[in-house]
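Down below is the structure, laid out as structure tokens.
FYI, it's all coordinate maths here, none of it is from the lab. Bear in mind that the values here come from a model prediction, so they are computed numbers and not experimental data. Reconstructed Cβ throughout: ideal geometry from the backbone, glycine too, with neighbour counts over all protein chains shown.
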Amino acid sequence: MTAAPFRVRGWHVLASMLVFFGAIIAVNVAFAVIAVRSFPGEDVRRSYLQGIHYNDTLAQRRAETAVGWTAVAALAERDGAPVLEISIQAPDGEPIRGATITGVLQRPATAREDRDLSFVEVGDGRYEAEPGALATGQWRLRAQAQRNESTRTFESVLIWRS
């Protein structure tokens, strides 16, 4: 008895199409889940509420700019570990002493590596924080310095090369 030659039937075509499109849909769903988990799309929490109060934010920034403080931030290495250094000066060039500085060091692509910082004054308007181990690449510092009634918020893009 000889075997009948293989013939493509309707259910073969249907099964092939279902497998093909099923694989495409599964890959798309997997990519979408990975994308949302790695970056949810919001740079800050409660962005809608912040947008509503944007004029208040602009007024606050104008008041901070009027204070006139300038801040310079840098990442340095000490004993093999990263140290974040900030130097703050008044408009006349005098160092700002006795300020309280808080901040967050953020990774631009993901919030998983973000870390809160508290700074210690080391003298002459210089403040330091130890962020712990950092991955090589770009980081963004968002910090706020406060002394008496004066406040200054600033941001800086930093590069860490371990």
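By the scheme Lys and Arg +1, Asp and Glu -1, what is the net charge of all other residues having a beta-carbon under 12 Å from that of residue 138?
So the surrounding residues net to +2.
To the nearest 10 degrees, how steep is helix 54-67 against the longest Cα principal axis of the chain, on a 0 to 90 scale?
Once rounded, one gets 40 degrees.
Give me the percent relative contact order of region 68-160, please, defined on Cα pairs under 8 angstrom at least 6 residues apart.
Contact order relative to length: 28 percent.
By how many nm would the segment from residue 133 to residue 16 lengthen if fully extended, with 0.36 nm per residue of separation less the alpha-carbon distance?
Full extension from residue 133 to residue 16 adds 37.1 nm.
Rounded, prolate or oblate: which fits region 68-160, taking a ≥ b ≥ c as square roots of the Cα gyration tensor eigenvalues, rounded meaning a/c under 1.5, else prolate when a/b beats b/c?
In terms of gyration-tensor shape, prolate.
Quick check: net charge around residue 159, other residues with Cβ under 15 Å of its Cβ, Lys/Arg +1 and Asp/Glu -1?
For residues surrounding residue 159, the net value is -1.
Can you run phi through the Karplus equation (6.51, -1.76, 1.60; θ = phi - 60°) for region 155-162 and list ³J(HN,Hα) in whole Hz, with x for Gly and Pro?
Whole-Hz 3J(HN,Hα) from phi for region 155-162: 10, 8, 9, 10, 10, 10, 10, 6.
What does the helix-only formula give at 222 nm for the chain: each DSSP H stretch with n ≥ 4 adding -39500 (n - 2.57), the total divided by the residues, and the result rounded to the nearest 500 deg cm²/dmol?
-10000 deg cm²/dmol
Working out 0.36 nm times the residue gap between residue 140 and residue 28, then minus their Cα-Cα distance, what length gain in nm do you get to one decimal?
37.2 nm
Placing +1 on the Cβ of each Lys and Arg and -1 on the Cβ of each Asp and Glu in the chain, which of 48, 117, 103 has its Cα farthest towards the positive end of the resulting dipole?
Value computed over the given set: 48.
What dipole magnitude, in Debye to the nearest 20, does region 68-160 give about its Cα centre under +1 on Lys/Arg Cβ and -1 on Asp/Glu Cβ?
Rounded to the nearest 20 debye, it is 300 debye.
How much net charge surrounds residue 100 when only other residues with a Cβ under 13 Å from its Cβ are counted (Lys, Arg +1; Asp, Glu -1)?
+1
Calculate the dipole size of the chain relative to its Cα centre from +1 charges on Lys and Arg beta carbons and -1 charges on Asp and Glu beta carbons; express the result in debye to the nearest 20.
So the dipole magnitude of the chain works out to roughly 1100 debye.
Please list, in chain and number order, the residues 5+ apart from residue 158 or on another chain whose amide H is under 5 Å from its amide H, with Hs placed from the backbone.
Amide H neighbours of residue 158, under 5 Å, 5+ apart: 139, 140, 141.
Could you check the simple spin-label distance between residue 110 and residue 9, using points 7 Å along Cα→Cβ, in nm with one decimal?
Placing both labels 7 Å beyond Cα along the Cβ direction yields 5.0 nm.
Ranking request for peptides 115-124, 6-15: highest mean number of other beta-carbon atoms within 10 Å first, then the rest in descending order.
Highest to lowest by the protection proxy: 115-124, 6-15.
Roughly what angle does helix 10-38 make with the longest principal axis of the chain, taking Cα atoms, 0 to 90 degrees, to the nearest 10?
Here the helix axis deviates by roughly 10 degrees.
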